[in-house]
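A quick write-up on the structure given underneath.
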Amino acid sequence: MGIYLNPGKRRFEISLASEIYVDKSEMIAYLNNVINTNQRFVCVSRPRRFGKTMAADMLSAYYDREADSRSLFEQSKLSGCKEWDKWLGGFDVIRLVMTDFFNRERTVSEAISTIKQRILEELDEMYPGTRFDAKDFVFSIEKFYRRTHNQFVIIIDEWDAVFRERKDDRDGQKMYLDFLRDWLKDKEYIALAYMTGILPIKKYGKHSALNMFDEYSMTFPMQMASYAGFTAMEVQELCAEWGLSYPELENWYDGYRLSNTVSPNILTEENDLDMEKHCVYEIYSPYSVVKAIRNKRLENYWNETETYEALQRYIEWDFDGLRETVAVLMDGGCEKVDISGYQNDMTTFHNKDDILTMLIHLGYLSYDSEKKEVFIPNREVMDVFRSSTKARDWTVTFRALQNSERLLQATWNGDKETVAELIEAAHNKAGNRTYHSEAGLSYAIQLAYYSAQDYYTIIPELDTGKGYADLAFIPRKPDIPAILIELKYEKTAETALDQIHRQKYPDRLELYKGNLILIGINYDRTIKNNKPLFRHHSCVIERA
């Protein structure tokens, strides 16, 4: 038994002996199906304390040919699966925890050299007399395989350590990815490569440097969805065993929704008969649940894993109005997100969606793959958001969100004075760049109506066939009115409303006839602030 080569079963035995243990061994049945296939490269990404290391320990114990682990699995859930022991003890296992190698005191090149040296040293101890070349790692691995005919199962925990510990070392990151690719890709000696970490595999542009891996992440968990953490059923069973209230734990720790299929639309009628295999799992953080059950105390255990400063650092950047989005999420709302552009690191951010996607992988947000929306998963994580937004300048953001809700209600109620007042306040906060054109005014109006995104799809410059309505609010929920807004600069609100009628803009929204609000808004910079009820904005509202 070595440190890295065939490390044995002791770590897994410790997990089994723990006071609270949830059996996830059925995951091995899925991995056994991909052994020695083109799908044998598996990368699983999860937030901290979601059971990644325990799973790696379990796989090491199962596949290690020297571990003698049959007795550990004979009573497990795995033993109920077909051919459950087909690959039990079938391989030489190389188990690496990358945080052991990558730190601030060691360059990436030095870390990789250390990894190669230690693996080759242990292989030489196990198979003495093999004439390997210490300067050619891949060739040497091939030599050991050709001599022994023993394939390898490679298990890499914290695979993304270099991207988290050395965020700005792009050359080092590429060197590391090249090392993994050269070692693993298209190699006959690899029976299974299993990597686990927090981040999915780093992309450069639209491509992955390790494109042979199938990725199972918080946004696309596929067949690994039920193994990402504790399921609702598993937590219910623990609560029954320990005499605790499940609804209370649910309130604190539930909220990660992971689907094990891409889309039900691709299923055939035959597959529809087996729909219980295609479902959305409510996933809990194992660490928080175990701590709460053992301590008999429901509280925020997240801060033992991540500090609130980690979240604060990202949301303070305020990409594309990220602050307003965070305020909406903290108010119980959801936000549409495009996850496709994220480059799977902690430094390359081009827009708000990239930040939100990273927060999904870190566990701060949950992702609804059907609606393509994010939301704060539970009370525990909400506490972290509250701690991260205690600074005084967040008060302005939350007040603006409240005013936005008031603005929407005033619009629905036809209260033109309140609408003009709240738009004036929002315009003042939007900055000078919004004061000098209709386009600038449109930006300010959209900012003022920020909370309307929960109810509407907002379309600037809607083509009506006879011109372009400045803003159209198309309902996303039933029984709420559509809204058309026309803007004018240094004219009158009545002129704006007259244009709506003259150009017959409502015809474009004929479906909403009888449930349509028409609004004309004007901004007049010539209004002096010494006039009673001084206000640059005027507004007229009409039902159609």
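The values are calculated or read from the model by the stated rules, or taken from the named source; none is laboratory data. For clarity, every value in this text was computed on a predicted model and none was experimentally measured. With ideal geometry, Cβ positions are generated from the backbone for all residues, glycine too; neighbour counts draw on all protein chains shown.
Brief remarks on what is shown
- Residue, modelled with the lowest pLDDT, within segment 483-500, restricted to residues that are over 45 Å from the mean Cα position of the chain (by Cα) and more than 16 Å from VAL419 (Cα to Cα): GLU490
- Among residues of segment 64-79, those that are assigned to a loop (DSSP other than H, G, I, E, B), touching a helix residue (DSSP H, G or I) at 6+ places or on another chain (Cβ under 7 Å) and either among the hydroxyl-bearing types (Ser, Thr, Tyr) or surrounded by fewer than 19 Cβ atoms within 10 Å (Cβ to Cβ) (or both), counted: 1
- Among the residues listed as ASP470, ASP479, ASP524, ASP507, the single one being charged (D, E, K, R) and in contact with a Leu (Cβ under 6 Å, 6 or more places away or on another chain): ASP470
- Residue within segment 69-78 that is in contact with a strand residue (DSSP E or B) (Cβ under 9 Å, 6 or more places away or on another chain), aliphatic (A, V, I, L, M) and not assigned by TED's automatic domain parsing to the domain that holds ALA240 present: no
- Scan of segment 104-129 for residues that are farther than 18 Å from LEU180 by Cα, touching a residue at least 60 places away in the same chain (Cβ under 8 Å) and either of a type in the set (A, V, I, L, M) or surrounded by fewer than 16 Cβ atoms within 10 Å (Cβ to Cβ) (or both), ordered by number: ARG104, LEU123, GLU125, MET126
- Against the numbered list (1) surrounded by fewer than 19 Cβ atoms within 10 Å (Cβ to Cβ); (2) on the phi > 0 side of the Ramachandran plot; (3) not polar (S, T, N, Q), GLU158 comes up short only at (1).
- Residue check for ILE315: in contact with a helix residue (DSSP H, G or I) (Cβ under 6 Å, 6 or more places away or on another chain), more than 25 Å from GLU282 (Cβ to Cβ) and not assigned by TED's automatic domain parsing to the domain that holds ALA452: yes
- Filter result for LEU180 (of a type in the set (A, V, I, L, M) and either free of Cβ contacts under 8 Å to residues at least 24 places away in the same chain or in a helix (DSSP H, G or I) (or both)): yes
- The single residue among LEU249, LEU238, LEU199 that is at negative phi and in contact with a Cys (Cβ under 8 Å, 6 or more places away or on another chain) turns out to be LEU249.
- Where helices (runs of 4 or more DSSP H) sit wholly within segment 188-300, those with at least 1 residues that are among the basic types (Lys, Arg) and modelled with pLDDT of 85 or more occupy 286-295.
- The residue pairs whose first member lies in segment 495-506 and is more than 15 Å from TYR468 (Cβ to Cβ), whose second member is in a helix (DSSP H, G or I) and at pLDDT below 90, and whose beta carbons are closer than 6 Å, counting only pairs six or more residues apart or on different chains, do not exist in this structure.
- Residues satisfying the stated conditions in segment 11-35, i.e. more than 21 Å from VAL290 (Cα to Cα) and out of contact with any helix residue (DSSP H, G or I) (no Cβ under 8 Å at 6 or more places or on another chain): ASN32, ASN33, VAL34, ILE35
- Just one residue in the set TYR468, TYR456, TYR512 is surrounded by 13 or more Cβ atoms within 10 Å (Cβ to Cβ) and modelled with pLDDT under 85; that residue is TYR468.
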